[in-house]
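Chemist: Take this structure, written in structure tokens, and hold onto it; I'll ask about it next.
Every number in this text was worked out from the coordinates using simple rules, so none of it is lab data. It should be emphasised that the depicted structure is a prediction, and the values quoted were computed from it without experimental measurement. Glycine also receives a Cβ, built like all others from the backbone with ideal geometry; neighbour counts cover every protein chain displayed.
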Amino acid sequence: MAPTKVTKICCIGAGYVGGPTCAVIALKCPHITVTIVDLNQSRIDAWNSPDFQLPIFEPGLEDVVRQCRDRNLFFSTDVDKGIRDAELIFVSVNTPTKKTGVGAGSAADLNNVERATRRIAAMSTTSKIVVEKSTVPCRTAESMRTILEANSKPNCRFDILSNPEFLAEGTAIADLYNPDRVLIGSLQTPEGLDACESLKGVYANWVPSEHILTVGLWSSELTKLAANAMLAQRISSINALSAICEATGANIDEVAHAVGTDSRLGPKFLKASVGFGGSCFQKDILNLVYLSESLHLNEVAKYWRGVVDMNEWQKRRFGQKVVKELFGTITGKRIAVLGFAFKADTGDTRESAAITLIRDFQSERALVNVYDPQVPQEQIWQDLQEASPSSSLDTIQKHVTVSPSAISALYKSMNKPAFVFDGRLVFGNTERERLANIGFKVISIGRGDSI
Ligand code: ADP
């Protein structure tokens, strides 16, 4: 039997992964009908909103949705119909770190994956290729296969593929147009290899074939965790060095630049900062830690946990530096926090360093003004509430204000001496000097001298 030429795709989960990925597939494959389904009505309404107020912010995304929506790209809450009509189904539901039970704090919560898989099993009347796109620990595909096979019907077979997403939030659309690689994992059986060819046929509409890597199912699942763990490890390494720079007067930007010119290392991901955030790095490393522990590889677990520990330390260290520089106390002092999302060009706040910082400032009884043009106010309140479960929202709002603009932090209106803490190394030497000339005391991560 020849591999199916896919013309109908359904994506379960209209979030940061499923939304942009399937929108780009719709754009690049006009002959394929793509339906993105989600249980969350308000999310789907936002995707369908007449004025394109999409639920996630990603440069270039709106343009893609404008071109394809209601042409060959559809958004719906009718999950069952989406499943029934499709030949190929992406599962891109969220898999947060478990908060309770076995593996709490490190294992992934696979409840959503299981629910979606059971729905596929229940609703399908024709054969499907089921593609695992959520970040999941190794061998989740096996569980999905067990559920699907136990519920299969005559003339209705399920083939499972793993196709992890490597896009970075903030550059998702560019990454999807031009991926370093697309990775597809399958069972090495004739049916598995056929399913792999079918998915390859979708990406081949715009990705050169030498960039499409096909591997075994488990290698594919592990690659996603490994890639994120190694990226995060670079950040923790440079952040560890930033502390040495501060203590010795070296400049982390100079060190990182010089280190990065070594062609074996390369220049990317060597920017020191207040710590990495986002939904993936910490979660994927913790998955790797949990996996290693389950395999009784305790040294391996300890090694990767160190990357997360360093990140937590870096966040705490930055908060403590603010307190120390402000003469040992920030009680009653007003601090403006510019940016609440976990990095630039996204509205995603998951695991953002800003949340930890503001929580720490609150516990020192500082008065905090937050400004972020991409993050809705309700999201800020929800995140701060989750970070301090023992404080009421009222108490939090006594200490934190969400500002409509960055202007409220102007030097003129500030008590002197006024400080700027650069946790992202956004200021180069020129900007630092300009700020210093106005009268600011500028303190940056990874720099021993303050000016
Ligand atoms: P990610 O960054 O992994 O894409 P998000 O939280 O942005 O994560 O998106 C995941 C989406 O999956 C959410 O919009 C959520 O409502 C949806 N979802 C979770 N479980 C299911 C399910 N069983 N069926 C349909 N949609 C689901």
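Chemist: Only Cα pairs under 8 Å and at least 6 apart count here; give the relative contact order of the range 207-293 as a rounded whole percent.
Modeler: Numbers: 55 pairs, mean separation 30.4, N = 87.
Worked out over the range 207-293, it gives 35 percent.
Chemist: Could you estimate the translational diffusion coefficient of the range 12-74 from the Stokes-Einstein equation, with Rh from the Kirkwood formula over C-alpha pairs, at 10 °C and 1.306 mPa s, in whole µm²/s?
Modeler: 139
Chemist: Where the centre of each part is set by its Cα atoms, how far does the range 32-91 sit from the range 175-218, in angstrom?
Modeler: 23
Chemist: Give the aspartates and glutamates reachable from K98 as a straight Cα distance under 16 Å; neighbours fewer than 8 places away on the same chain don't count.
Modeler: Qualifying aspartates and glutamates at Cα under 16 Å: D109, E114, D284, E293, E351, E386.
Chemist: Could you tell me the largest-minus-smallest coordinate of the C-alpha atoms of the chain on each of the three principal axes, in descending order and whole angstroms?
Modeler: 76, 49, 42
Chemist: Which of the helices in the chain, when you take each full DSSP H run, stretch at least 24 Å along the axis at their Cα atoms and have an average Kyte-Doolittle score of 0.5 or higher? Kindly include the intermediate steps, with their values, before the conclusion.
Modeler: Working: long enough: 217-248 (47 Å, 0.54); 298-325 (39 Å, -1.20).
Helices meeting the criterion: 217-248.
Chemist: Related question: Restricting to Cα pairs below 8 Å that are 6+ residues apart, what does the relative contact order work out to for the chain? Please round to a whole percent.
Modeler: Details: 806 pairs, mean separation 56.5, N = 451.
In percent, rounded to a whole number, it is 13.
Chemist: In percent, what relative contact order does the range 226-444 have, based on Cα pairs under 8 Å that are 6 or more apart in sequence?
Modeler: Numbers: 278 pairs, mean separation 35.5, N = 219.
After rounding, I find 16 percent.
Chemist: In addition: Counting other beta carbons within 10 Å of each Cβ, put V255, V307 in order, fewest first.
Modeler: Numbers: V255 18, V307 25.
Ordered by Cβ neighbours within 10 Å, fewest first: V255, V307.
Chemist: Pull up all non-local amide H partners of V400: gap of 5 or more, or a different chain, and H-to-H distance under 5 Å with H placed in the peptide plane.
Modeler: The answer is V368.
Chemist: A further question on this structure: With the cut-off at 1.5 for a/c, could you classify the range 226-444 from its C-alpha gyration tensor as rounded, prolate or oblate? Write out the running numbers ahead of the final one.
Modeler: On the way: a/c = 1.96, a/b = 1.26, b/c = 1.55.
Oblate is the answer for the range 226-444, as a/c is 1.5 or above yet b/c matches or exceeds a/b.
Chemist: Treat the count of other C-beta atoms within 10 Å as a stand-in for reagent exposure and order F57, F52 from fewest to most. Before the final figure, lay out the partial values.
Modeler: Details: F57 18, F52 14.
Sorted ascending by nearby Cβ count, the order is F52, F57.
Chemist: What pairs from K28/K128; K224/K315; K28/K271; K133/K343; K99/K321 go past 27 Å between their alpha carbons?
Modeler: Values: K28/K128 22 Å; K224/K315 25 Å; K28/K271 33 Å; K133/K343 23 Å; K99/K321 30 Å.
Beyond 27 Å between Cα atoms: K28/K271; K99/K321.
Chemist: Taking the Cα centre of each part, how many Å lie between the range 376-451 and the range 280-330?
Modeler: 23
Chemist: Also: Determine, for E58, E142, the number of other Cβ atoms within 10 Å of each Cβ, and report the residues in order from fewest to most. List each step's numbers first, then the result.
Modeler: Numbers: E58 24, E142 14.
So the residues, fewest neighbours to most, are E142, E58.
Chemist: For K412, give me every one of the lysines with a C-alpha distance below 21 angstrom, ignoring sequence neighbours fewer than eight places off in its own chain.
Modeler: Qualifying lysines at Cα under 21 Å: K333, K441.
Chemist: Can you list residues whose amide H is under 5 Å from V182's amide H, if they're 5+ apart or on another chain and H is modeled 1.01 Å from N?
Modeler: Under 5 Å from the amide H of V182: I212, L213.
Chemist: Skipping prolines and chain starts, which residues have an amide H placed within reach, meaning under 5 Å, of the one on V420, given they are 5 or more residues away or on another chain?
Modeler: Correct list: K441, V442, I443.
Chemist: How large is the Kirkwood hydrodynamic radius of the range 103-187, counting all unique pairs of alpha carbons, in Å? Intermediate values should be presented prior to the final figure.
Modeler: Details: mean 1/r = 0.0694 Å⁻¹.
Result for the range 103-187, one decimal place: 14.4 Å.
Chemist: Still on this model: Add +1 for every Lys or Arg and -1 for every Asp or Glu among the other residues with Cβ under 13 Å from the Cβ of V259, and state the total.
Modeler: Cβ neighbours under 13 Å give a net charge of +1.
Chemist: Here's a follow-up. If you count, for each residue, the other Cβ atoms within 10 Å and average over each peptide, how do 220-226, 322-328 line up from highest to lowest? Mind dumping the intermediate values first?
Modeler: Details: 220-226: 21.6, 322-328: 14.0.
Averaged packing, sorted descending, gives the order 220-226, 322-328.
Chemist: Right, next: How many times 2.2 N^0.38 Å is the alpha carbon radius of gyration of the range 8-207?
Modeler: On the way: Rg = 16.2 Å, N = 200, 2.2 N^0.38 = 16.5 Å.
Rounded to two decimals, the normalised Rg is 0.98.
Chemist: If a cysteine in the chain has no other Cys Cβ under 4.7 Å from its own Cβ, put it on the list, ordered by number.
Modeler: Cysteines lacking a close Cβ partner in the chain: C10, C29, C68, C138, C156, C196, C245, C280.
Chemist: Per-residue ellipticity at 222 nm for the chain, helices alone: DSSP H runs ≥ 4 residues times -39500 (n - 2.57), over residue total, nearest 500 deg cm²/dmol? Provide the component values of the computation, followed by the final result.
Modeler: Details: 16 runs with 199 residues, N = 451.
Only helices count here, giving -14000 deg cm²/dmol.
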